[in-house]
Amino acid sequence: MLNDGESLRAGHFSDLHYSPSNQAEADRCFGFAVEDAIAFGCHVGVVSGDSTDHRLDAHTPALSALARRVHQLSAHMPVLLLQGTFSHEPPGTLDLFRLIGARYPVYVADRIHQVALCAGQFQPSTGAVFSDSEIDALLAQHGLPDAVFTCVPTVNKAVLAAAAGVSNAATAVGDHLADYLAAAGGVNRDWRSRGVRTIGVSHGTVNGCQTEHGVPMAGFDHEFSIGALFDAECDAFMLGHIHRAQQWEQAGRVVAYPGSIGRFHYGEIGQKGYLQWEIDPGRSSATLVETPARETVCIDFDGPPDMTQLATVAGDTADKFVRIRWTINEEHRQLVDRDAILALFGKSAEVKIEARVMPAVRSRAEGISRAASLTEKLARWGELTHVDATPLVDRLHMLETLDAESIADAVLAGLADVVAMTSVDWMPARDAVADSKPVSVPERVQVPSIAAPASALVWLTDDLFAAEPA
Ligand SMILES: [Mn+2]
């Protein structure tokens, strides 16, 4: 397949996410990439997982569109498909693809193992790595392979533990992977010493990589460290799962994500494409070839949308996918003219409007929840609202310690005192008040007296609904 001294050229595609809703985007981009890889003269094609977005029925047009592209590619080069995330690519999804190879085979890697590419045919290892006797037999039968792949598809933890030969099931996934990659590294060093190219293919998250939204992935639950990947001693390590293109290099060897083939969500930053690899024993390079992914424009307002600004932006959004978001208070939501916004973006491929309405919120008394007793809460409320809470605290104390009758008696006693103490001079000229009779206070009740100016007492006897005297 390769002339002496020629680099192996590989087309590396990932995260195609074929589905009914993604079909136009996925097929425009993957179709472009397949044709470009064929024109570039790639010797092998690799899809590093998530060919589909979710479970697809056999009659779904998106599934046959994907199959046609893989078939088209296999007319020109052998194709390796790696099992991706189970929720995107349920186990068994790729099985049918083994049957659609054209001139070259389509090989499905759905277990942890190594596979040699010899004269356009795939020769897999029986176990997780090639044994010495397998290597001898392979060399005797086929001569030097064009490349040896180390395949690490998505697997469950038990399978992974078995592949790594680790008995401790409690070990983290990342540790099992690191053990396996180190073991594969020994075999790959052996292949390289014979002048054979080695290629890793996997689907997972590298600790410290960046997502398509620009967020760095950091934490201990991510599958690989970049060091563990380089420990596999592959000249080229082809990754899938993260939708943003990025790569790492160490002494001429490269680990890279092409990112997703197209732009499937709003707000994804960076270019979309596929990787053209050129691989030699101990050295490789990966170049991103941009696909015609859709262009998205995201316009966010912290408040109501600015129509002048939107009108300016709209001029540049023909055939683009536009998302406009704003936040607005509940009472102002009617001020936004959605129809006017849609009219501005009439030439766009799609306009998605997301209004976030802020409900009217009543301000609460800060710190009141930290006060231990009801009395303290009341005092805190008084402080915050500039109200003298002392009389209220007195009344609260009465409510807490006395029964209703005692309280009523005490109130009446208080009124009697006020009336008794009040001289006619400053009594309001209101017959009703003057006519009120003092009430005796029962001896047994000892309560704080509640004094009130006589002018405040009219409600006791007055007609509350009568018009105020002029
Ligand atoms: Mn994906």
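Computed from the coordinates by the stated procedures, all read-outs in this text should not be read as laboratory data. These numbers were taken from a predicted model, which means no experiment stands behind them. When we count neighbours, we look across all protein chains shown, and the Cβ atoms used for this are built from the backbone with ideal geometry, even at glycine.
Values computed for the structure shown
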read-out	value
Counting DSSP beta bridges with both ends in the chain, the antiparallel % (nearest 5)	40 percent
Equivalent ellipsoid semi-axes, the chain, via Cα gyration tensor eigenvalues times 5, rooted, Å	79, 30, 17
222 nm mean residue ellipticity, helices alone, for the chain (DSSP H n ≥ 4; -39,500 (n - 2.57); rounded to 500)	-9000 deg cm²/dmol
SER131 long-range amide H proximity, modeled H, under 5 Å	THR126
Reachable aspartates and glutamates, given that their alpha-carbon falls under 18 Å from the alpha-carbon of LYS352 and they are not under 8 places away in the same chain	GLU25, GLU268, GLU295, ASP300, ASP302, ASP306, ASP316, ASP319, ASP337, ASP339
Gyration tensor verdict on segment 90-162 (Cα atoms; rounded if a/c is under 1.5, prolate if a/b is larger than b/c, oblate otherwise)	oblate
Segment 200-293 shape via C-alpha gyration tensor axes, a/c threshold 1.5	oblate
Global form of segment 296-358, assessed from the alpha-carbon gyration tensor, a/c cut-off 1.5	prolate
Set of lysines with alpha-carbon distance to LYS272 below 19 Å, sequence-local pairs under 8 removed	LYS320
Long-range HN-HN contacts of TYR107 with modeled amide H, under 5 Å	VAL79, LEU80, LEU81
Residue-count net charge about GLU89 - beta-carbon cut-off 13 Å; Lys, Arg +1, Asp, Glu -1	-4
Cα-centred dipole magnitude for the chain, charges only on beta-carbon of K, R (+1) and D, E (-1), debye, nearest 20	1660 debye
Crossing angle, helix 23-40 versus the chain [Cα axis fit, 0-90 degrees, rounded to tens]	30 degrees
Amide H contacts of HIS17 (H built 1.01 Å from N, under 5 Å, at least 5 apart or other chain)	SER51, THR52
